[in-house]
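Everything on this sheet refers to the single structure shown next.
Values quoted throughout were computed directly from the atomic coordinates according to the rules given, and no laboratory measurement underlies them. These figures come from a predicted structure and were not determined experimentally. Backbone-built Cβ (ideal geometry, glycine too); neighbour counts: all protein chains shown.
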Amino acid sequence: MGQFRALLSASYGRHYLAQTIQADGSHAGPLIQVSTPAKRHVGAVGDILILEETGPNQARIIEIEKRKNLLYRSDAFKSKSIAANVDQILVVLATAPAFSPDLLGRAVVAAELDQIELRIILNKCDLQDQLTIARRGLVPYQNMGYPVHEVSAKFDPQSLEGLQPFLKGKVSVLVGQSGMGKSTLLNSWAPNAAALTQEYSLKLDSGKHTTTACRYFDLPEWSRNQAHLGGMIDSPGFQEFGLAHLSESQLQHAFREFKPLLGKCRFHNCKHDSEPGCVIQEAVLAGEIAAERLALFKQLLSDSKTADIQLQGFSQAKERWSTSPKPPYKR
């Protein structure tokens, strides 16, 4: 078979599975186990790979085609890829258990940074007692123009049909905490998801990976937009969305409501904290910017600075260790 193009369809640490890309843009055929150069973690689900066959349903990476984006989270010392080449992020929240406003805010910042479309899906809206509280937490995002879709995936599957037009021809990634109902949503849109998940596990001979893996699923024919089927990337549930890799400038421009006011503060290097003449603070006091959004900005800025300090300290300690005299080896 030689070299061929394939989609990286599942990632379990350094273990990858891929599917051949067909002429119609779909992904079919047996799952291919992919080896990476020197066992390095180089790919992300959604990547387009150039592979070279090394055996039956086995191949090695020759090249990863240029990405249009890469969604990932990070702390001071490591980063975790979520998905590549995505068209939109679907942040799945629920009325119960209560969702994390912090995780939602961070996902929105990540989307804004890479100019990825974002939609908020509020699930379990059949729980009327919690619905009012959940809606209140989403008002700032609705005011900024982020669409919110209220659904009940388990008890009202028809509520999901209104989202289908927004999935056509697009690669979407599901992001959210555990317990929000992502699996129910996925199985409603991609009926073969459960079977393919089992196939992924059998291929790797390790069922434990299914809760920690990112996986790509082709959506059914209703999702086709001209020549392209829609796709869904399911990411594992997580409680934190680290953005330590973002600079101060990137952070300021990743807050949609800040953009019209940037450069108008009295001081050009304003941190929007307690400086006089800060137009961002004035907008918060006037109710034009949600106070929790400014608080999130300050927290992310602090996270970034803390990560820089930790990384510098680690580098200095490593350099001291490498240059310090070592005691003689004793048998």
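Working note: Cα atoms of the range 3-64, range along each principal axis, descending, whole Å: 32, 22, 18. Only Lys, Arg, Asp and Glu carry charge here, each on its Cβ (+1 for the first two, -1 for the last two); on that basis the chain has a dipole of about 1240 debye about its Cα centre. About its Cα centre, the range 3-64 has a charge dipole of approximately 280 debye under the convention of +1 per Lys or Arg Cβ and -1 per Asp or Glu Cβ, with nothing else charged. On full extension, the segment bounded by PHE166 and GLN299 gains 44.6 nm, given 0.36 nm per residue less the C-alpha separation.
Once amide H atoms are placed 1.01 Å from N in the peptide plane, what residues at a sequence separation of 5 or more from HIS149, or on another chain, have their amide H within under 5 Å of its amide H? Result for HIS149 returns ILE120, ILE121, LEU122.
Max-minus-min Cα coordinates of the range 214-281 on each principal axis give 57, 30, 17 Å, with the largest extent listed first. Taking each residue as 0.36 nm, the span from HIS228 to GLU282 lengthens on full extension beyond its C-alpha to C-alpha distance by 14.8 nm. Close amide H partners of GLY230, meaning residues 5 or more places away or on another chain with modelled amide H under 5 Å apart, are GLY169, LYS170, LEU219, SER223, ARG224, ASN225.
Rounded to the nearest 20 debye, the dipole magnitude of the range 37-108 is 260 debye, with +1 charges on Lys and Arg beta carbons, -1 on Asp and Glu beta carbons, and the Cα centre as origin.
Comparing ALA84, ALA283, ALA244 in a Gaussian network model of the chain where C-alpha atoms under 10 Å apart are linked, the largest mean-square fluctuation is found at ALA283. The distance between label points at GLU240 and PHE4 comes to 4.2 nm (points 7 Å beyond Cα on the Cα→Cβ vector).
Hey, could you get me the Stokes-Einstein D for the chain, Kirkwood radius over alpha-carbon pairs, 25 °C and 0.890 mPa s, rounded to whole µm² s⁻¹?
Working: Rh = 21.9 Å.
The Stokes-Einstein estimate is 112 µm²/s.
Taking 0.36 nm per residue of sequence separation and subtracting the Cα-Cα distance, how much length would be gained by fully extending the chain between LEU262 and SER247, in nm to one decimal? List each step's numbers first, then the result.
On the way: separation 15, 0.36 × 15 = 5.40 nm, distance 1.54 nm.
The span from LEU262 to SER247 would gain 3.9 nm if fully extended.
Please report the net charge: other residues with Cβ closer than 12 Å to the Cβ of SER183, K and R +1, D and E -1. So the environment of SER183 carries a net charge of +2. Of all beta bridges that DSSP places with both ends in the range 1-152, some 70 percent have antiparallel geometry. If the Kirkwood radius is taken over C-alpha pairs of the range 70-234, then at 25 °C and 0.890 mPa s the Stokes-Einstein diffusion coefficient equals 148 µm²/s.
Adding -39500 (n - 2.57) for every DSSP H run of four residues or longer, then dividing by how many residues the chain holds, sets the calculated 222 nm ellipticity at -9500 deg cm²/dmol. Can you compute the label reach from ASN143? Point 7 Å from Cα along the Cβ direction, backbone N cut-off under 18 Å, restricted to the range 86-118. 101-102, 104-106, 108-109, by backbone N distance to the label point. DSSP bridge analysis restricted to the chain gives an antiparallel fraction near 60%, rounded to the nearest 5. The ranking of THR132, THR95 by Cβ neighbour count inside 10 Å, starting from the fewest, reads THR132, THR95. Which listed residue (HIS15, VAL171, TYR146) has the Cα farthest towards the positive end of the charge dipole for the chain, taking +1 on Lys and Arg C-beta and -1 on Asp and Glu C-beta about the Cα centre? Value: HIS15. Please give every one of the aspartates and glutamates within straight-line cross-link reach of LYS305, meaning a C-alpha to C-alpha distance under 16 Å, and leave out same-chain neighbours fewer than 8 residues apart. Candidates past the 8-residue exclusion: ASP75, GLU248, ASP273.
Any number yet on Rg/Rh for the range 1-135, C-alpha, Kirkwood? Walk me through the numbers on the way to the answer.
Numbers: Rg = 18.4 Å, Rh = 17.1 Å.
On the Cα set of the range 1-135, Rg over Rh gives 1.08.
Taking a straight line from the alpha carbon of LYS154, these aspartates and glutamates sit under 20 Å away, with near neighbours fewer than eight places off in the same chain left out: ASP126, ASP129, ASP234.
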